[in-house]
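Data block below; observations after.
The values are calculated or read from the model by the stated rules, or taken from the named source; none is laboratory data. On a predicted model such as this, the values are computed, not experimentally measured, just so you know. In this analysis, Cβ positions are derived from the backbone assuming ideal geometry, glycine residues included, and neighbour counts consider all displayed protein chains.
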Amino acid sequence: MPNPLTVQLLQNEASSFVKAQSKYAEPSLFGVTDGKAVGTFLEHKFQETLQSRYKYVRGKLRQGH
């Protein structure tokens, strides 16, 4: 069973995620000029990463729990 997601873990995961993504050329985003589409794509990818590693309700993170 995955561990609960804490604020500290979320911050660490976000840092690792952006470092990894900045080194990866995402072919499906080539030519995309819509910033919202890019943000949504990355948000979904980040959520998938988190959900594979931690137990949490998407959109809900309470400090201390």
Exercise for the section: Return the residue satisfying two criteria in turn: it lies in the range 1-45 and is outside any helix (DSSP H, G or I) and in contact (Cβ under 8 Å) with a residue 24 or more places away in the chain, and of such residues it is nearest to Arg58 (Cα to Cα). Expected result: Leu5
Practice task
Please specify each residue of the range 16-36 satisfying the condition of being at pLDDT 90 or above and surrounded by 10 or more Cβ atoms within 10 Å (Cβ to Cβ).
Solution key: Ser16, Phe17, Val18, Ala20, Gln21
